[in-house]
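I am attaching a structure below and will ask some questions about it afterwards.
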């Protein structure tokens, strides 16, 4: 069976991309992926010019700007690739929209620090006529796309129950210490968006959180567990555990991310390679249906980091070529942001929260 694990690519690959940010996610993921795909990053700016210059040298980018504002002033840049922290995202998007010269923006997830900021970002782009897409890159993890194939072609039948179990220890960046939150907006948002990609929007979410003993700055959501309820009876259960036991304090580690989809006609089980060492380990899937004597176990060489980042940029460039909405459209991503917001509210009030309570729709 052919599994649709690769992203479609644009016909035109020479769109002039301006890169905003020069940290790990830009240097080790975005730009590595873009060079593999033959895309055209032409300029970069970051928090410091020195780091931007190093990133430019590593990835053969010709132009390094002194500041992000100077990059935004360059009218020759067609696409902006943003890799800035969430609390800097809205102001960067609004600054780009005020100039109105870029044709498209690829923004990081989360699209702001809360749902209201995400709405403001989407509305600013719509008013400026700029196409906005969101870098929900887990949608382009190869096992996630393989599972989508099995759901779309009916291989495993109507989904009954899905689960995801993350036992991982993230490296929290310094900027996150100011936010008061960690896991739901940074890690769980990947999983919640993937569930939407696979199954659409749920009716409601129930979430319970607690602090992570290892994270030594104020936060509420170091460990999060949540249930998504669907009208057709489907239930999704996820655990996002950034403690994992004392794996950094002397105990053996058991780290990984596994997902599972049980359908009426079959079963699919995946393992996300990003959580392994090295982070370029390919993800995997095994699946079986009624009558199979053993699991099917396809393999591939690509990995979530960095190869999925080909897909997130490609879907924006395809949208610019065709005039259609991006696959990960900014307005569609508002429902992912709303579900994350609903998870925080649910944990606070100790009840299930519907998507409509956040969107008011």
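Looking at residue 14 and the list (1) modelled with pLDDT of 95 or more; (2) out of contact with any strand residue (DSSP E or B) (no Cβ under 7 Å at 6 or more places or on another chain); (3) not in a helix (DSSP H, G or I), which single condition is not satisfied?
The one condition residue 14 does not meet is (2).
Hey, does region 25-38 have a residue that's assigned to a loop (DSSP other than H, G, I, E, B), buried (at least 17 other Cβ atoms within 10 Å of the Cβ) and in contact with a helix residue (DSSP H, G or I) (Cβ under 8 Å, 6 or more places away or on another chain)?
Filtering region 25-38 for residues assigned to a loop (DSSP other than H, G, I, E, B) gives 38.
Next cut, buried (at least 17 other Cβ atoms within 10 Å of the Cβ) only: none.
Within region 25-38 (the criterion being assigned to a loop (DSSP other than H, G, I, E, B), buried (at least 17 other Cβ atoms within 10 Å of the Cβ) and in contact with a helix residue (DSSP H, G or I) (Cβ under 8 Å, 6 or more places away or on another chain)), the answer is no, since none of the residues qualifies.
Identify, from the list 106, 150, the residue that is farther than 26 Å from residue 227 by Cβ and either crowded, with 23+ Cβ neighbours inside 10 Å or modelled with pLDDT under 95 (or both). Steps first, please.
On the way: 150 fails: farther than 26 Å from residue 227 by Cβ.
Criteria check complete, one pass: 106.
Identify the single condition in (1) in contact (Cβ under 8 Å) with a residue 60 or more places away in the chain; (2) under 25 Å from residue 116 (Cα atoms); (3) touching a strand residue (DSSP E or B) at 6+ places or on another chain (Cβ under 7 Å) that residue 85 does not satisfy, given that it satisfies every other one.
Exception for residue 85: condition (3).
Working carefully through the options 163, 155, find the one that is assigned by TED's automatic domain parsing to the domain that holds residue 244 and closer than 17 Å to residue 193 by Cβ. Outline the logic, then answer.
Working: 155 fails: closer than 17 Å to residue 193 by Cβ.
Sole residue among the options that is assigned by TED's automatic domain parsing to the domain that holds residue 244 and closer than 17 Å to residue 193 by Cβ: 163.
Can I ask one more? Filter region 199-223 down to the residues that are closer than 11 Å to residue 181 by Cβ and exposed (fewer than 14 other Cβ atoms within 10 Å of the Cβ) and list them by number.
The answer is 217, 218.
Does residue 289 satisfy being touching a helix residue (DSSP H, G or I) at 6+ places or on another chain (Cβ under 6 Å) and either surrounded by 14 or more Cβ atoms within 10 Å (Cβ to Cβ) or more than 18 Å from residue 141 (Cβ to Cβ) (or both)? I'd like the intermediate steps shown before the answer.
Details: touching a helix residue (DSSP H, G or I) at 6+ places or on another chain (Cβ under 6 Å): no; either surrounded by 14 or more Cβ atoms within 10 Å (Cβ to Cβ) or more than 18 Å from residue 141 (Cβ to Cβ) (or both): yes.
For residue 289, the condition - touching a helix residue (DSSP H, G or I) at 6+ places or on another chain (Cβ under 6 Å) and either surrounded by 14 or more Cβ atoms within 10 Å (Cβ to Cβ) or more than 18 Å from residue 141 (Cβ to Cβ) (or both) - is not met.
The values are calculated or read from the model by the stated rules, or taken from the named source; none is laboratory data. A quick note: this is a predicted structure, and the numbers were derived from the prediction, not measured. Cβ coordinates were reconstructed from backbone atoms using ideal geometry, including for glycine residues, and neighbour counts include every protein chain displayed.
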